[in-house]
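All of the numbers you see were taken from the coordinates with simple rules; none came from a lab. What you are looking at is a predicted structure, and each value in this text was computed from that prediction instead of being measured. Cβ sites come from the backbone with ideal geometry, for glycine too, and all protein chains shown count toward neighbours.
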Amino acid sequence: MTEIEIGRGKRGRRAYSFDDIAIVPSRRTRDPEEVSTAWQIDAYRFDMPVIAAPMDSVTSPQTVIELGRRGGLGVLNLEGLWTRYDDPEPLLAEIASLDAESATGRMQEIYAEPIKPDLITARLAEIRAAGITVAASLSPPRTKQHWKTVVDAGVDLFVIRGTTVSAEHVSHQTEPLNLKQFIYELDVPVIVGGCATYQAALHLMRTGAAGVLVGFGGGAAHTTRSVLGVAVPMASAVADVAAARRDYLDESGGRYVHVIADGSVGRSGDIAKAIACGADAVMLGSPLARAKEAPGRGFHWGMEAHHGELPRGARVEVGTIGSLEEILFGPSRASDGTMNLVGALRRAMATTGYTELKEFQRIEVVVQ
């Protein structure tokens, strides 16, 4: 690909965000009622390609259950308050009431409480009792500590999620998680990420992961770009990882790995663009944090916001705009793409003549 000279000593290729591209209409249109937004990963089928991010401002056991009943997938953060405290509701209310200056410090104190294995078991049992798909998330370091508790509790989909996760982590202090061996020995499908490049994604796919998260600190509550200087625009990242999926499909003799856009998907148009670039589904944070049912009470933050040594996120106020039902399926009272997310995706597909998500991945896009 064409590289641009940044200076005499450095060149780089141009990358694009979702705001930089647009979907091109095709020669055919359809009725929105004829469109299917369903997708399937391993043995689990969902009516919409929406995964709720494992963030305390987005998912609680109850919101995971509510999303599952509506045809989506919620992922519980097993390093969050729900596995540290018997009743985290007062602490969630306190976090929402903090002023901006003291929020980070106080959250570091709150999240210093150790994770309790018995609470992991109890929270996952609550979700399983509701009869929906059970998905839960740990970071790579915590996976080594708690994976057996999670699997014994009956998880259906195991998510290993971090700012960036590689198949070749190097450490001279501790033995890193061997993803390939771990996934091979596990009896449940694993979704792993984030990653943002072709090569990193290809290596993750070779570990046996069922899905790969694409994202690199680009969410609404992340400051990774400001703190570490690390970021990749999402349209290019998703397209690169989709290319890795295509090549791995040939390399493996037909094994399909799902690509999930995780970051910078803030509005309904971003969902459509993510799938147009090759994603099978999207992981949403801030759009769902605006729901009345969201535990963040109008605020949104991620695990990086309370890191003990180097916070790379912030507690941001996103407001409350409607119920989970209205945000996902409408009716919408806003014209900015924050409500009726699934309805907007359905209409985008109908407007361009596509009835299935995998077909929609082939739609033409342009750089604006």
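Tally the DSSP beta bridges in the chain and give the antiparallel ones as a percent, rounded to 5.
Details: 13 of 41 bridges.
The antiparallel proportion sits near 30 percent.
Taking only Cα atoms and a 10 Å spring cutoff, compute GNM fluctuations for the chain and point out the largest among VAL64, VAL150, VAL241. Between VAL64, VAL150, VAL241, it is VAL150 that shows the largest mean-square fluctuation. Straight-line cross-link partners of LYS273 among the lysines, defined as a Cα under 19 Å from its Cα and at least 8 positions apart when in the same chain: LYS358. Round to the nearest 0.05 the FRET efficiency obtained for GLU94 and ASP152 when R0 = 41 Å and r is the Cβ-Cβ distance. My answer for the efficiency is 0.80. When the chain is treated as a Gaussian network with alpha carbon springs shorter than 10 Å, the biggest mean-square fluctuation among SER335, SER102, SER17 belongs to SER335. From most to least packed by mean Cβ count within 10 Å, the peptides 320-329, 81-90, 255-264 give 255-264, 320-329, 81-90. Across the options TYR256, ALA153, SER139, the greatest Cα extent toward the positive end of the charge dipole of the chain (unit charges at beta carbon of Lys, Arg, Asp, Glu) belongs to TYR256. Note on the chain: with charges restricted to the Cβ of Lys and Arg (+1) and Asp and Glu (-1), its dipole about the Cα centre is near 900 debye. In terms of the mean number of neighbouring beta-carbon atoms within 10 Å, the peptides 54-62, 193-201, 349-357 order highest first as 54-62, 193-201, 349-357.
Cross-link reach is defined here as a Cα-Cα straight distance under 14 Å, omitting same-chain residues fewer than 8 places apart; for LYS116 the aspartates and glutamates meeting it are GLU79, ASP86, ASP87.
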